[in-house]
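The next block holds one structure in the form of structure tokens; read it before the comments.
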Amino acid sequence: MKALVLVEYNRFELQDVPIPTIADNEVLIAVCACSICGSDVHGMDGSTGRRRPPIIMGHEAAGVVADCGSAVGDLNVGDAVAFDSMLPCGRCWFCVRGRPNLCDSRKVLGVSCEEFRCQGALADYVAVPRRIVFRLPSALPFEHAAMAEPVSVGLHALGRATPRLGDAAVVIGAGAIGQVMAQALRRAGCLPVFTVDPDDHRRRLAVSLGATAAFPPDSPDLRIAVDNATAGRGADVAVDAVGLPTTVDSAVSLVRKGGTVALIGNLAPQTPLALQRVVTREIALLGCCASATEYPEALRLIAEGSIQVAPLISALAPLHEAPQWFERLRSGDQGLLKVVIKPNPS
């Protein structure tokens with residue numbers, strides 16, 4: 001089969017590699033769509049330490065069942081499916097309590113680090129455990145189904161933040177996760193929902209998808225809008241979908257006393273914290289890691305249109321064009337959001 005292999009940092013090769021063999025409890029999937037995640041773009045240059053070459057990246061994907069292990073009796077060849085990016089053990093203290101994202105021995109598709117190496121879905125085929133595979137709702141396009149992973153991440157963060165009807169919310173970062181979060185917060189009854197991003201195209205997209213207004217990070221109008229909407233208290237919920245010192249600080253500064261800051265982005269491994277401001281104002285800081293049990297709900301909401309993903313997809317491309325799209329994403333081409341690679345055209 002063909003696979004896109006990161007052979008060394010910043011260099012890909014389209015290689016012929018063996019089709020994965022499957023264990024009794026695994027499913028072989030012909031990949032029809034695989035979205036390039038921001039973590040892949042940051043991982044290709046070695047900056048994250050979690051894409052150590054050689055590795056086949058890709059974990060936001062969907063496709064068609066090509067083969068099933070002997071212990072898999074509820075899927076058939078030809079079934080349209082999507083699959084989670086995480087491979088939890090299913091047995092540890094966290095897994096049995098419904099928190100597989102915190103699994104003691106969790107692996108992630110397309111990730112290669114000191115602890116494990118797990119080949120991903122930027123290839124013709126990928127093998128995954130049956131327990132992370134989900135049938136697609138009828139007629140859901142594969143490229144939309146591939147977006148279930150970032151949608152599930154947003155839904156998990158929403159569940160952590162538990163906003164109330166009428167809460168004022170701010171989403172910092174209007175990449176794919178930020179766009180999903182703004183939609184999810186509106187769907188949960190938050191109003192207003194403000195979005196913050198330096199990219200004008202992303203700001204306009206956020207508003208078209210339901211955000212009340214969108215602002216550049218350095219705009220004084222952001223604080224004015226939040227204060228006007230909350231009688232000067234500050235937002236009830238702020239979501240940082242970036243994860244840099246400046247964005248964490250902004251989220252903390254924009255919430256009211258007793259407010260909630262949900263941290264999804266983690267571009268910086270460490271960041272200073274305005275400790276006294278957090279403590280004396282009783283701000284709740286919530287780490288939000290991947291997703292837990294939200295994948296089926298993500299697929300359902302995408303299929304019914306409650307979460308719109310089509311506007312987030314900037315381009316569809318065959319596997320051999322993936323390297324150039326990685327470069328364009330890394331260079332920050334204006335207007336680019338999600339690029340979906342199609343190893344097996346559907």
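The values are calculated or read from the model by the stated rules, or taken from the named source; none is laboratory data. This structure is a prediction, so every number in the text was calculated from the model and none was measured. Positions of Cβ are backbone-derived with ideal geometry, glycine not excepted, and every protein chain shown enters the neighbour counts. The accessibility values were calculated without ligands, DNA or RNA, using every heavy atom of the protein model including side chains. Shrake-Rupley method; radii C 1.70, N 1.55, O 1.52, S 1.80 Å.
Taking all protein chains into account, the per residue accessible area for the stretch 112-152 stands at 37 Å² (1.4 Å probe). Annotation for the stretch 104-137 versus the stretch 9-54: alpha-carbon center distance of 9 Å. Where in the stretch 22-55 is the amide nitrogen less than 13 Å from a point lying 7 Å along the Cα-to-Cβ axis of Glu114? In the stretch 22-55, the label zone of Glu114 (backbone N under 13 Å from the point 7 Å along Cα→Cβ) covers 49-50. Both the radius of gyration and Dmax for the stretch 249-319 are 17.4, 53 Å, in that order, over alpha-carbon atoms. Computed over protein heavy atoms with a 1.4 angstrom probe, the accessible surface ordering of Asp40, Asp45, largest first, is Asp45, Asp40. With no solvent and one equal point scatterer placed on each C-alpha of the chain, evaluate the Debye formula and give log10 I(q)/I(0) for q = 0.09, 0.11, 0.12, 0.13 Å⁻¹, two decimals. Treating every Cα as an identical point scatterer, log10 I(q)/I(0) equals -0.47, -0.71, -0.84, -0.98.
Taking all protein chains as shown and a probe of 1.4 angstrom, Arg186 keeps an accessible surface of around 100 Å². Calculated on the Cα set of the stretch 124-180, radius of gyration then Dmax: 14.9, 46 Å.
Ranked by solvent-accessible area (1.4 Å probe, protein heavy atoms only, all chains present), the residues Glu304, Glu115, Glu321 order from largest to smallest as Glu115, Glu304, Glu321. Result for the chain in a Gaussian network model with C-alpha springs under 10 Å: among Gln119, Gln276, Gln183, the largest mean-square fluctuation is at Gln276. With springs only between Cα atoms under 10 Å apart, run a GNM on the chain and tell me which of Ala292, Ala206, Ala174 wobbles the most. Largest GNM mean-square fluctuation: Ala292.
Within the assembled protein chains, the solvent-accessible surface assigned to Tyr9 is about 90 Å², based on a 1.4 Å probe.
Computed from the alpha carbon positions, the gyration tensor of the stretch 128-272 leads to an equivalent ellipsoid with semi-axes of 27, 16, 15 Å, biggest first. The helix-only estimate of mean residue ellipticity at 222 nm for the chain, built from DSSP H runs of length n ≥ 4 each weighted as -39500 (n - 2.57), is -7500 deg cm²/dmol after division by the residue total. Counting only protein heavy atoms and using a 1.4 Å probe, what share of the accessible area of the chain belongs to carbon plus sulfur, as a whole percent? Roughly 51 percent of what the probe reaches on the chain is carbon or sulfur.
For a straight C-alpha distance cut-off of 27 angstrom, the lysines reachable from Lys2 (same-chain residues fewer than eight places away being disregarded) are Lys107, Lys338, Lys342. For Ala284, put the label point 7 Å out on the Cα→Cβ axis and report which residues of the stretch 147-179 keep their amide N under 20 Å from it. Under cut-off, by backbone N: 153-172. Kirkwood analysis of the stretch 197-346, using all unique Cα-Cα pairs, places the hydrodynamic radius at 17.9 Å.
Values of log10 I(q)/I(0) for the stretch 69-168 across q = 0.24 Å⁻¹ run -1.45, by the Debye formula with one identical scatterer at each alpha carbon and no solvent. Once the 1.4 Å probe is applied to the protein heavy atoms, the stretch 188-284 comes out at 49 Å² accessible per residue.
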